[in-house]
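The values are calculated or read from the model by the stated rules, or taken from the named source; none is laboratory data. Treat the numbers as computed from the prediction; the structure is a model and nothing was measured. Using ideal geometry, Cβ is built from the backbone for each residue, glycine included, and neighbour counts are taken over all protein chains shown.
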Amino acid sequence: MAPVPSLPIKVGHIDDVQELRKAKPATVPERFIRDMADRPKVVPNLSSSLDIPIIDLSKLMKTDKDEVLQLKTACEEWGFFQVLNHGIDLNVVEDIENVAKDFFMLPLQEKQKYPMAPGTVQGYGQAFVFSENQKLDWCNMFALGVEPPCIRNPKLWPSKPVNFRETLEIYSREVRKLCKTLLKYIAVSLGLKGDVFEEMFGVAVQAVRMNYYPPCSRPDLVLGLSPHSDGSALTVLQQGKDSSVGLQILKGQTWVPVQPIPNALVINIGDTLEVLTNGKYKSVEHRAVTHKERDRLSIVTFYAPSYDIELGPMAELVDEKNPCRYRRYNHGEYSKHYVTNKLQGKRTLDFAKIQSKTSN
Ligand SMILES: COC(=O)C(/C=C/C1=C(C)CCCC1(C)C)=C/O[C@H]1C=C(C)C(=O)O1
Ligand SMILES: O=C(O)CCC(=O)C(=O)O
Ligand SMILES: [Fe+2]
C-alpha cells in the first residue's frame, strides 16, 4: 500500500528557510518559534562519556564475539551507534554529500520544480506539516523514494545537478548492502538466524531524505527537526563533513549530541525493529538543533520491509517474562499512518502498542 494522504490539507504559507536566512530578518518568524518547553538549551558541544557507541563493521564481519556483544549493548541501551569501516567507498560518501549540497544551493525556482505536495513526503519542502498552526522546523528537505521502483516518483528526481540521479543510485545501492549486513549481525546479536530479517522483509523499501539546516540567528528558539523516532527498521544517517553538530538523541531526560566522527555513519533502530524485537531493541527519539553561524547537512536513508508484509513481535522474543507488547499489522498501513501524522516523539508507535498498565 502506498502512503498517500486522502484529504486535502491546509498548511498555510511555509517559508523556505534558506531564503529567510538570505533576507536576514532581525527576528525569526513566529511560526518557527517553539513553545518554552520545546526550546533547545544551547550548550557547548563537548565530547563526554555520553557519546554514542562505536561499532567496527570489519570486526563484526569476522563475527568477532566482543563486537557482536558491543552491538547488542548499543542496540539495547542506545538505539543508536556510529559504524566505522562500513565498507562504502569514501568517494561514494563524498559524492552524495556534494550533490546534496549542490542541489540545496540551486536557486529556489529550480528546487521548486520538485515540490513536496502538502501532506506528502517526497520532493522539496517541509514534510510532516498538516495544519496552519503547526510549528515549522528550521530545515529544508528533499526526499525521494528509491526502492522498490513502484515507490519512485521520477518527476521528482532532479535534472540538476547533472550527476544527482546517478550518484543517488550508486549511493543507495551501497547503503542497501550495508543495511542488509547490519541487519544480519543485529539478528545474530539477538540469538537469531542471520538471514531472518532478509527473509522476512521481502523487497525492502528504501527512501532517502536530505536535510539542510541553514544557520539561524536564534538557535535557542527554534528546532531544526522536531523530536521523532524513525518509522523504518533501520536508518543510516550521514552527517555533512563540515556541518555543525546538530543531531541530538534523548537518553533518559537528556538530549545527548551526536559528535560527528570522520568517515563514520550513524545508525539507528527504527520503530519497525522495535516491534519485531518486542521492544528489546527500541527506536529512540531524536531531533536536530541549529547553529548561529554554521549550516548543517544530513543525508538519511530509511530502510524498511515491503509494504505488503504483515509483522509483529517475533515468536522467539515473546515469552512469559516478555509478553507480547505490540499487535500484528500490515507494514504498508503503518507507513501510511507514519507519513500522515506530524512528528511527535514516539507517539506514532502507539499505532502498534498493546496498551497495558506496565507498558511504556
Ligand atoms: C522522518 O521520516 C521520513 O521522512 C520517512 C519517509 C520515508 C518515505 C519516503 C521519503 C518516500 C516514500 C516512502 C517512505 C514512507 C518510506 C520515514 O520513513 C520511515 C517511515 C516508515 C513507516 C518507513 O518505512 O520509513
Ligand atoms: O539531521 C539530522 O541529523 C537528523 C535527521 C533525522 O533524524 C531524519 O531525517 O529522520
Ligand atoms: Fe530521524
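Tabulated data for the structure shown
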{"item": "Segment 105-152, residues that are modelled with pLDDT under 95, near ligand 1 (Cβ under 10 Å from one of its atoms) and either in contact with a strand residue (DSSP E or B) (Cβ under 7 Å, 6 or more places away or on another chain) or not in a loop (DSSP other than H, G, I, E, B) (or both)", "result": "MET116, VAL121, ALA127"}
{"item": "Strands (runs of 3 or more DSSP E) contained in segment 254-360 and holding at least 3 residues surrounded by fewer than 21 Cβ atoms within 10 Å (Cβ to Cβ) and not charged (D, E, K, R)", "result": "254-257"}
{"item": "Breaking point among (1) surrounded by 17 or more Cβ atoms within 10 Å (Cβ to Cβ); (2) over 14 Å from the mean Cα position of the chain (by Cα); (3) of a type in the set (D, E, K, R), for ASP230", "result": "(2)"}
{"item": "Residues that are within 16 Å of ligand 2 (Cβ to nearest atom) and within 30 Å of ASP35 (Cα to Cα), drawn from segment 130-183", "result": "LEU136, ASP137, TRP138, CYS139, ASN140, MET141, PHE142, ALA143"}
{"item": "Counted residues, segment 283-295 - those being within 16 Å of ligand 1 (Cβ to nearest atom) and not hydroxyl-bearing (Ser, Thr, Tyr)", "result": "5"}
{"item": "Restricting segment 204-226 to residues that are away from ligand 1 (no atom under 11 Å from the Cβ) and outside any loop (DSSP other than H, G, I, E, B), the residue that is farthest from GLY125 (Cα to Cα)", "result": "TYR213"}
{"item": "Test result for LYS346, touching an Asp or Glu at 6+ places or on another chain (Cβ under 7 Å), closer than 15 Å to SER229 by Cα and either within 16 Å of ligand 1 (Cβ to nearest atom) or of a type in the set (Gly, Ala, Ser) (or both)", "result": "yes"}
{"item": "Pairs, first over 21 Å from GLN355 (Cβ atoms) and within 10 Å of ligand 2 (Cβ to nearest atom) in segment 276-301, second acidic (Asp, Glu) and part of a strand (DSSP E or B), C-beta under 7 Å, six or more apart", "result": "none"}
{"item": "Enumeration of residues in segment 49-78 that are under 16 Å from THR181 (Cβ atoms), among the acidic types (Asp, Glu) and in a helix (DSSP H, G or I)", "result": "GLU67"}
{"item": "Qualifying position, being of a type in the set (Ser, Thr, Tyr) and either within 23 Å of LYS101 (Cβ to Cβ) or within 15 Å of ligand 1 (Cβ to nearest atom) (or both), among THR272, THR277, THR254", "result": "THR272"}
